[in-house]
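Notes to accompany the following structure.
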Amino acid sequence: MTTVAKGTLDVTDWAEEVTAEAEGQCKQANAHCRAAFTGDLEGSGRADWLLVYTGGGQTRFVGTHRFEGKLAGRAGSFVLQTYGTYEESGVEVFWEVVAGSGSAGLAGLSGKGGYKNADYTLEYSFA
């Protein structure tokens with residue numbers, strides 16, 4: 001049975017380093033941040049991103065995000081594989097739980113979802 005978790009996240013401690021930049025080419029960067037989750041996911045996590053600034057105000061990125069906390073009263077951690085875009089209108093991220101990454105009470109977790117600006121969803125189930 002699939003359940004939908006909803007809530008908000010607050011990104012903090014953004015640190016970014018440019019890895020490649022040349023005139024007429026896309027800029028590339030690495031970034032790391034923390035995020036606090038409230039709602040059905042209660043906890044925090046750290047994300048690591050690879051970013052490409054494509055010009056025209058759009059940024060594309062991929063990364064991973066380790067969550068530590070509670071989901072449906074079950075404590076543990078898991079990793080999300082992520083990708084998305086950032087534009088003037090905000091950020092949109094898609095994510096999927098990395099198979100086998102759940103620990104403790106979150107072992108056996110699978111799911112997918114994402115967030116737009118600060119509002120997230122995670123459609124999930126346990127094996």
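I want to confirm something. Restricting to segment 1-33 and keeping residues that are assigned to a strand (DSSP E or B) and among the polar types (S, T, N, Q), which single residue is farthest from G114 (Cα to Cα)?
Once the filter is applied, the top-ranked residue is T19.
Check segment 7-16 and report whether any residue there is crowded, with 16+ Cβ neighbours inside 10 Å and in contact (Cβ under 8 Å) with a residue 12 or more places away in the chain.
Of all residues in segment 7-16, those crowded, with 16+ Cβ neighbours inside 10 Å come to 7, 9.
Those left that are additionally in contact (Cβ under 8 Å) with a residue 12 or more places away in the chain: 7, 9.
Yes - at least one qualifying residue is present in segment 7-16.
Would you check if L71 is at pLDDT 95 or above, surrounded by 14 or more Cβ atoms within 10 Å (Cβ to Cβ) and in contact with a Phe, Trp or Tyr (Cβ under 6 Å, 6 or more places away or on another chain)?
In short, no.
Determine which member of the set T64, T59, T38, T54 is at pLDDT below 95 and assigned to a strand (DSSP E or B).
T54
The values are calculated or read from the model by the stated rules, or taken from the named source; none is laboratory data. None of the values given here were measured: they were computed from a predicted structure. Don't worry about glycine lacking a Cβ; one is built from the backbone with ideal geometry, like all the others, and counts go over all protein chains shown.
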